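The values are calculated or read from the model by the stated rules, or taken from the named source; none is laboratory data. Values in this document were obtained by computation on a predicted structure and should not be read as measured data. FYI the Cβ positions are ideal-geometry reconstructions off the backbone, even for glycines, and counts take in every protein chain you see. All accessible areas refer to the heavy atoms of the entire protein, side chains included, with ligands and DNA or RNA removed. Shrake-Rupley method; radii C 1.70, N 1.55, O 1.52, S 1.80 Å.
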Amino acid sequence: MKKTILRSTLLLIIFSVVSKVLSFLVRILLARTLSEAAMSYYTLASPTMVFIITLAQMGIPSALSKVIAQSSQPKKPIKAAILLSIANNLIISLAFLFVLPIMAHLVLRQDAILPVLHAILMLIPCVTSSGLLKGYLYGMQYHHQATASSIYEEASRIAFLMIAFHLLPQLHAVQMAQLAMLSISVGEIASSLYMFCVLLRKKKLSLHVPKLFSQLNRQAFDEVLSVSIPMTGSRFIGSLTYFLEPIVMMAGVSAADSLGMMQAYGQLHGYVLPIITMPSFITVTLSNVLLPSFTYHYARGNQAKARKLFDTILGCCFFIGLSCSLVCYVYSEEILQLFYHSSNGALLLRQLAWPFALYSLQAPLSSVLHALSLSKKSVLDTFLGSFMRILCIFLLSPLLKEKALMLGIVGGMLITTISHAIRLTLAFKHDEKKTHFLSVFPS
């Protein structure tokens, strides 16, 4: 069994690496093709895109994978998830259709960016459908196919961008940024088509729509929502923290120190954090596998097999994080020079290297908390870490200037990760006592 897990894990890591390389090629293509103004529009619209995706998915894909894995009738959760997603997408699309012009004019102060923001609206149904299909595949234990869908997504984006920029060379900045944003929808559509074909080939997809939505009950909706809402809460808290961080940072320093703080913020988020968190694409992939697989074995009373799976994936994640930290600590200047042709931030990269070895544990710990129906506790841990991050930056910025950013980010990350680990340890001990009691006093 252990060899099977390791073989499967290795294959998933290979798929993730290929997907990450293709994603990096997309960034290179955009950087070389978009003008400086077009890149500014695209970058400025990206946080809005991430926020809208979080609201549009509402944590339903991850919840679907968990509920399907523990359900004897997997068709009921998918019916509930589809109806919830359709209703949520309609509300989100209509709401942002009216909000985006206001956001462009008052918040972003760039009226020209409105076409780029409107391109995000097309992404809502695309990312929802691909998320549902991926959640269904994970729940049905088709891990390799679900992970491979990202390769099709990134490859189709590259093909679309190369063809579009070749056929339309005279686009102005806003149109180029709009095209870059539309490429994300193209990638999601290609990913959905691949997963749709996989399900058709495995005869796991019903094409009878009236039959698909028959015999729905409230329990199916409650099962999906009980997991999806807390998951959405965690992601929403993370997005909100990311949004508030520069505002709070600038509010806590004088005008004379604002330029230095902004440079430090750009160095941290533009150079250091993307490198130090790079292994997260592997740990998140492994965690996506862990959630339905752990739930599947745990719900069927096979706690030993579930724990062995958890220990194996947690060990893999920690090894990956530790290896990345070691490389970043020893070769900080060389890595920055390789990626950015600049060694700015080398000292900061070395300082963050070892604390962020524990960051690789956060995703699998969070997945198992969701699998054990402790999603609310997971959200609370995320809130505590985010609150401490903002509080540290606000209180320490006047005293420590740029170092307050590093302390706030590390402190918030450690609080969330350690809180997850403590809750999970207590939950496992409680289950062990319960199992021992039932073995001594069987019903």
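Of the residues making up the range 1-48, those that are aliphatic (A, V, I, L, M), open to solvent by 70 Å² or more (accessible area, probe 1.4 Å), assigned to a helix (DSSP H, G or I) and modelled with pLDDT under 75 are Leu6, Leu10.
The single residue among Ile320, Ile313 that is assigned to a helix (DSSP H, G or I), crowded, with 16+ Cβ neighbours inside 10 Å and modelled with pLDDT of 85 or more turns out to be Ile320.
Against the condition part of a helix (DSSP H, G or I), closer than 27 Å to Leu44 by Cβ and modelled with pLDDT under 80, how does Ser234 come out, does it pass? Criteria met by Ser234. Quick check on the range 394-410. Is at least one of its residues surrounded by fewer than 22 Cβ atoms within 10 Å (Cβ to Cβ), under 16 Å from Arg235 (Cβ atoms) and within 21 Å of the chain's Cα centre (by Cα)? No; the residues of the range 394-410 include none that is surrounded by fewer than 22 Cβ atoms within 10 Å (Cβ to Cβ), under 16 Å from Arg235 (Cβ atoms) and within 21 Å of the chain's Cα centre (by Cα). The residue that is farthest from the chain's Cα centre (by Cα), among those in the range 94-107 that are touching a residue at least 12 places away in the same chain (Cβ under 8 Å) and surrounded by fewer than 19 Cβ atoms within 10 Å (Cβ to Cβ), is Pro101. Evaluated against (1) modelled with pLDDT under 90; (2) under 20 Å from Tyr41 (Cα atoms), Leu84 falls short on exactly one condition, (2).
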